[in-house]
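Since the structure comes first, as structure tokens, the remarks are kept for the end.
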Amino acid sequence: MESKAKFVEDRKKRAVVKTHGIDNAATFEHPASFQATTGRPDKTSLKDFIDECDIEILSLNDEEIVFDLVGAEPPLANALRRILIAEIPTMAIEKVNMWQNTSIIPDENLAHRIGLVPIKADPREFEEHTALTQAEVEEGVDDTTRYTGDDCLKFKLHVRCTKKDPNAPMVINNTFDEERLYNNPNVYASHLTWEPLGNQRTKYPTPESEPKALYPDILIAKLRPGQEIEMELFCEKGTGKTHAKWSPVSTAYYRLVPDIRFKREIVGEDAKELKRLCPVGVFDIEDIGGIKKAVVGDARKCTTCRECIRPAKFADVVDLGKWKDRFEFHVETVGHYRPEELVVEALKKLKEKTVHWLEVIQQESASGAEEK
Amino acid sequence: MSSSRKEMPPPPQEGDGNDFHELYNEAKLSQPIKKIEEKWKLVPAFLRLRGLVKQHIDSFNHFLNVDIKQVIKANELITSEADPKFYMKFTYISIEKPKIEEDCESHQLYPNECRIRDLTYAATITVDLEYTKGDRIYIKKGVSIGRMPMMLGASNCWLNNMSNDMLARNKECPYDPRGYFIIKGVEKVLLIQEQMSKNRIIIEQDPKKNFCAQVTSSTYTTKSRTTIVHKNEKFYLKHNTLAEDIPIVVAFKAMGMQCDQEVAQIIGTEPMYLEGLALSLQECSQLNILTQSQALEYMGSKVKTVKAFGPSKSKTPSDEARDILRNVVLAHIPLSKHHMPYFQKCRYMGLMIRRVIEAVNDPTKLDDKDYYGNKRLELAGQLISLLFEDLFKRFQFDLQKQIDSALSRTGARRDNFDAITCIRQDTITSGLEMAIASGNWVLKRFKMERIGVTQPLSRLSYIAAIGMMTRINSQFEKTRKISGPRALQPSHWGILCPADTPEGESCGLVKNLALTTHVTTDCPEAPLHRICIDLGMEDAALLGGDELYSKEHVLIFLNGQPIGVHKQPQKFVRNFRFLRKRGRIQEFVSIYLNDQQNCIYIASDGGRLVRPLLVVEKGKLKLQQRDIEDLSLGLKDFNDFLKEGLIEYLDVNEENNALIALNEELLSREHTTHMEIDPFTILGCVAGLIPYPHHNQSPRNTYQCAMGKQAIGTCGYNQLNRVDTLLYLMVYPQKPLVKTRTIEINNFEKLPAGQNASVAIMSYSGYDIEDAVILNRSSLDRGFARALYVRRYQADIKRYSNGSADVIMPATLPKEKHRQGMFKKFHALDQSGVARVGEALNSGDIFINKYAPVQLADAANQTLSKPNHQPSDNFEYKPRPEAYKGANPAYVDRVIMTSTQEDPFLIKVITRQTRVPEIGDKFSSRHGQKGVVGLIVPQEDMPFSERNGWCPDLVMNPHGFPSRMTVGKMIELISGKAGVLTGACKYGTAFSGDPVEEMGKLLVKNGYSYDGKDVLMSGISGEILPCFVFSGPIYYQRLKHMVQDKMHSRARGPKSTLTRQPTEGRSRDGGLRLGEMERDCLIGYGAANLLLERLMISSDQFVVWVCGKCGFIGYEGMCSYCKSGEQVCSVKMPYACKLLLQELQSMNIRTQIKLADV
């Protein structure tokens, strides 16, 4: 009986990396998946889930949060990841009025580049801009005139490259001395200047609170004497679903936490060899009574390079497992939000969506009941 | 570098006391020879000297500086039939640098101006003249006789030796290959033409399986082919000018040989040759031809009568025969001044017969026509030289005619006549221009008529342009299904690229040069002849047949002509090569000993293919590691190595005397004479882009060679200033992570065409079947594979002879102003009537608002009566606007207003579109693996790596591998991945790239699996994928085929006027044809009504009134034949059918329609 329970437990919780692939990778969601073995359907209760599910923060800094999502199943973890990538709104430049562009970058490519510059502004303080209706489009309404302080941030970019010494000859083939010879040979994100709309000046009174480009050293274009870029930029609130520029994360991913075991003890030279095989140093050697024995040091270091199971003698001994209900999340922010805030926002969004679908289902069943 | 130098063992000191022991140290001798590191550096050094397109430029320079002077010398004199005292002599010719004279002002003409203004990049040809005027001799210098299109980069081109800085100022790209011409703003390349060698004996079998010896003679004045056929055991002379084959002994007699013994001796007196000749001698005596005059008479009677000559100066048949023998048969063999003028020709013919007899007795002695040593390449210089000579002759002919007519006049006009005024420049100017522009090389003199000699230079990508410059066109007919000339030959090794050839009809006929091939130019023969004599050669002029062919010594040929014999062939060859190494003989002159034929062949003619090889002596390379170090430090260059004898050029024939080792391991002490610089040089510059090509199935490399030319990338540093009709440019091109030496050498890194895509090789959705790829939407959002599509439109503002001219106007004419709805299409125009720069153009928008005048009937009279009246009042103007067509908007990039030499006003509008990849666009890796985009997937749906969140840009289906066997692509992925992890580019150079085992070790070191397979998580379900996925970076090219340019649909639309059927083709918004095979299907299925609907109702249904009585077509209710409407019925038929009936009727063919009730 006990072995049966262990078998089910293993099947449910542990995927195993083999040389040919990953065994037992699938999730068993259905309560009756193991009914034949155990003789009864699994218990599924919200309470159990609430008891089991947990978040353990492993590390946190300005850029990245690493945490374990425990006791959850892939759909939940994946939903969180997908929301992080595609559904948390940020502010990004969406519309451009190009007044002058004599640089070598064509207008639309310059606009595209500038759209990808992350903007430091809290999107929670903005509303979504309502798109033009078809009728308005046909009428030729200029969308940029409809922006207000509530749904838009306006920037200006006006850079002109000149020679530092007006009498200097026009040097063409120089790539080394540009900063010394010219004013503004490079257009950086720091050249963006914020222009308050509506009551934004009072909203962001200090230079620190002012909206600006997150990173001042992003190169937008290169200029040479006589070239000029002048444009008005309008930020909108949007999500990564529409365009990658609104995505608040550099990357958000998770992995299954490794669980490495030995099927039997590895001692002596073999232990040394195993330790040497692993390029990231998962294995350690413990000296117990003169017998050198291989032990798993830090399983989390494992990158699943499978070097340890490459030699035939280890393939059956080293058991490279992965917990299927333990997700090591990595969320790296672009900078709009703090990483921990991002996770909270994502969970909020997930909740919002769940509530929405709950309502839909309830309405459906209500109307269905009425019909009956 | 310095540290590595210290580690080098000190160079062995010569004359050292240990020398003896060193030599006989067994252990040392058996040691493996140390590999020379970075030997490949010689290749860029070679290319710096001899460049990829240097052969074009060299050849043209040879023409400009040497050949053209010889052409003038050969045609220097003009005399007049009208005045025997008159003469005009061309004493000197030179070509200036390109300049243009406009508005009485001359300025330097640079290529970019030509491209923009549709001008020809040409320089004036000036001559120095000496001529008579009256009784005096005048000397005139620097008289212009026309303009010579100038090859870019040639010695007289402004760009020659120009610094990068100056090139940039003149809007030129420093990496541009040059070597092309600009004719009327279009860049034209003269393709290299492959031909059989001139003036060489080729033994082959004619279609009737007769053995024959063939020689194509070519001199400055004549080109002819002489054949000696072995037919029915007898020999015959065959020639175009002779209607019948002449028995060879008759020909010998006609050339002054007196007895059979003489004939036999000149061929050889060994029994084999005598036996072979016996029947021929017999035939001659049977014909009863004993003397020279008899023989000439006999020959004269067989001469083809040429009608075109008109009233010829009635020559006797024997004179005609003598003329032919003298000037046409074996024209390249000179006549001697001695008592027997034809002796050399006889000897040559004897040699031909000898070779045929040998071949008859041993068919292995037949020559291989496809052997590349028997081929010569004709380059721009030679082609232009031929053309120029022809035009110069025509120019002189015209000049002479004018002078004749002027001099045949009388009085003061004749005395004051200055011949210089008759010089017309446009014969040569337009002749050259036309030939290069059209590619039609028509030379009546040589009966040469070639089409497609030039092609517009493809500027799709940089590689396309270079690929075109190294292309070789052969003269064979494309339609013939022959495999011989198409096959890859062993003699192509190292000189022609084995991979780069097109598929389809011209497969194997169009070839490409390998990386280190050089094409020679002509080198004078006289000094070589002199050197041969100095080396102890006995002059052939002093020897008879027997002595010539004696086994005691070998016969020496210089450019196909026997010049003498030598008793010690090995020594002679060795000495000759020694002199060449010492620089006493030009490095490209080849000498080789043919043991089989017991001959030495020396060749100095142009068009041979040579390649550099490392010299090996006593099983050791003469090149040392320190030489390579000197090279990389810039202390020495390729020429120094050549002078020091470390490197030698070998042509295809001389390679037969060499044993060339592939690498150090294959060096053998006794026999090896040379070693390859690096094996990757057997590939051309296009095939050189492929990483690990030696791991691919060979056709895949060929496919990639075709596809690399279609890749969107960068075409030059001046690409944004170019005004080509169509340009595809990549917005963010990247240099490949896995590169090759060739990539570094041909500057592909500087002007790349593609991006390093993160690829996961796995099955995803179902939208990746049949080679489709899946793209990541976020990658596209961030700029992956974004391309610019730049297109030029132009309009010229013409002036008409009646004084009117086209006009361009802003917006609309006042008259049309009331039509408010039409205003939208004018929105892009500025005050001058041309679109503003930066303006968006939608379909139908006008960007050049041009109006053309239409003369009114009474306006013509008005102009006559009031000549000073403003012309514009007299004309009605009709709109002739240039409007934008296309589903997606484009932006006006540039507007150029300029003038050409013909048109005073030309407007060019350049539009630009940025194109993000969409479903259906074509992509390809560098291994002939093309595919279209099947689906674009949001990033969150893409699989991601559990290692670091890595997510593919592109997903490729693994089914693309098993049948294609492009293992190189897999290795590229692994090397690329290793390169990314270690932060360095890896090499996939052919035969010597970074080994995959090493790359695997690097992967492991960085915590990845050695096989490149990673654990991915599904982006859709969130579960771990049960398989490992092969993933990493692969260099992907976006190809120029995009759906936007191809998609097409139509419900209703235009019909052609004649048949009233829907038009054909996308450009005319045509319908989709239900063709014969589709028709067959519908018939087979029995869908008669569907067939009727498709073929008639939806196409060209027409109601015709048919008279039931006479069967003719009438009109509504009436038959004009029967003059009644009684039995006239309406019938529905295709309009095309009605048209056919009427056309037949108009040809007096009566077609009747019989009507019956159904």
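No lab work stands behind these numbers, since they all come straight from the coordinates. Just so we're clear, the structure is a prediction, and the values are computed from it rather than from any experiment. Cβ sites come from the backbone with ideal geometry, for glycine too, and all protein chains shown count toward neighbours.
Summary of computed values
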quantity: Unit charges at the beta carbon, dipole of segment A:90-247: most positive-side option, A:L153, A:L110, A:L219; calculated: A:L219
quantity: Residue among A:Q200, A:S190, A:T144 farthest towards the positive dipole end of segment A:90-247, charges placed on Cβ; calculated: A:S190
quantity: If the convex hull is drawn through the Cα atoms of segment A:219-372, its volume per residue in Å³; calculated: 279
quantity: 31 Å Cα-Cα threshold exceeded, pairs from B:K922/B:K977; B:K850/B:K1055; B:K375/B:K643; A:K164/B:K986; B:K223/B:K511; calculated: A:K164/B:K986
quantity: Projected-area average for chain B over all orientations - Cα convex hull basis, square nanometres; calculated: 67.8
quantity: Inter-chain Cβ neighbour average for residues A:275-285, partner chain, 10 Å; calculated: 1
quantity: Most mobile of A:G21, A:G240, A:G321 in a GNM of chain A (Cα contacts under 10 Å); calculated: A:G21
quantity: Sum of side-chain charges, B:L689 neighbourhood, beta-carbon under 14 Å (Lys, Arg +1; Asp, Glu -1); calculated: +4
quantity: Karplus 3J(HN,Hα) series, Hz, for segment A:177-192 with 6.51 cos²θ - 1.76 cosθ + 1.60 (x for Gly, Pro); calculated: 9, 4, 5, 7, 8, 10, 8, 6, x, 10, 9, 10, 4, 5, 6, 5
quantity: Reachable aspartates and glutamates from B:K551, criterion Cα separation under 14 angstrom, eight or more residues apart if same chain; calculated: B:E270, B:D595
quantity: Signed unit charges on C-beta, dipole axis of chain A, positive-most listed residue A:L181, A:F28, A:T354; calculated: A:F28
quantity: Net +/- balance of residues flanking B:Y703 in space, Cβ distance below 10 Å, scoring K and R +1, D and E -1; calculated: +2
quantity: Inter-centroid distance (Cα atoms) of segment B:618-673 relative to segment A:57-128, Å; calculated: 59
quantity: Overall form of segment B:601-662 per C-alpha gyration tensor (a/c, 1.5; a/b vs b/c); calculated: oblate
quantity: Segment B:518-679: relative contact order in percent, alpha carbon pairs under 8 Å with at least 6 residues between; calculated: 23
quantity: Interchain or long-range residues, amide H under 5 Å from B:V303's placed H; calculated: B:A243
quantity: Residue exposure sequence - B:S59, B:S506, B:S474 - by fewest surrounding Cβ within 10 Å; calculated: B:S506, B:S474, B:S59
quantity: Table column - 3J(HN,Hα) (Hz), segment B:1048-1055, Karplus curve with 6.51, -1.76, 1.60, x for Gly and Pro; calculated: 7, 8, 7, 9, 10, x, x, 10
quantity: Candidate aspartates and glutamates for bridging to B:K1001, where Cα separation is under 16 Å - those fewer than 8 sequence places away on the same chain excluded; calculated: A:E307, B:E972, B:D1011, B:D1014
quantity: Shielding by partners, peptide A:102-110 (average Cβ within 10 angstrom, other chains); calculated: 4
quantity: Size of charge dipole - chain B - debye, nearest 20, with Cβ of Lys, Arg +1 and Asp, Glu -1, no other charges; calculated: 2660
quantity: Assigned charges on the beta-carbon of Lys, Arg, Asp, Glu; segment B:518-679 dipole about Cα centre (debye); calculated: 420
quantity: Protection proxy ranking of B:260-269, A:346-355 - average other beta-carbon atoms within 10 Å, highest first; calculated: B:260-269, A:346-355
quantity: Phi-based couplings in Hz for segment B:688-693 (Karplus 6.51, -1.76, 1.60; Gly and Pro marked x); calculated: x, 6, 6, x, 6, x
quantity: Residue exposure sequence - B:H529, B:H959 - by fewest surrounding Cβ within 10 Å; calculated: B:H959, B:H529
quantity: Simple spin-label estimate for A:K43 and A:H356 in nanometres, 7 Å along Cα-Cβ; calculated: 3.5
quantity: Listed residues A:I229, A:I114, A:I291, most fluctuating in chain A (Gaussian network, C-alpha, under 10 Å); calculated: A:I291
quantity: Average beta carbon contacts from partner chains per residue of A:19-30, 10 Å cutoff; calculated: 3
quantity: Rounded to the nearest 20 debye, dipole of the protein assembly as shown from Cβ charges on Lys, Arg, Asp, Glu; calculated: 3980
quantity: Segment A:90-247: C-alpha gyration tensor shape, a/c 1.5 cut-off, then a/b vs b/c; calculated: prolate
quantity: Over chain A, relative contact order from alpha-carbon pairs under 8 Å, at least 6 apart, %; calculated: 25
quantity: Whole-Å distance, taken between Cα centres, linking segment B:984-1039 and segment A:34-54; calculated: 40
quantity: Residue with peak Gaussian network fluctuation, chain A [Cα springs, cutoff 10 Å], from A:N78, A:N199, A:N167; calculated: A:N167
quantity: Contact order relative to length of chain B, as percent, for alpha carbon pairs under 8 angstrom and 6 or more apart; calculated: 9
quantity: Pairwise centroid distance, computed over Cα atoms, of segment B:1112-1134 with segment A:296-350, Å; calculated: 88
quantity: Relative exposure of B:S1021, A:S3, judged by other C-beta atoms within 10 Å (fewest first); calculated: A:S3, B:S1021
quantity: Which listed pairs, of B:K208/B:K304; B:K99/B:K188; B:K231/B:K304; B:K133/B:K401; A:K156/B:K1040, have C-alpha distances above 26 Å, in listed order; calculated: A:K156/B:K1040
quantity: Proximal charge balance of B:G439 [Cβ under 11 Å; K/R count +1, D/E count -1]; calculated: +2
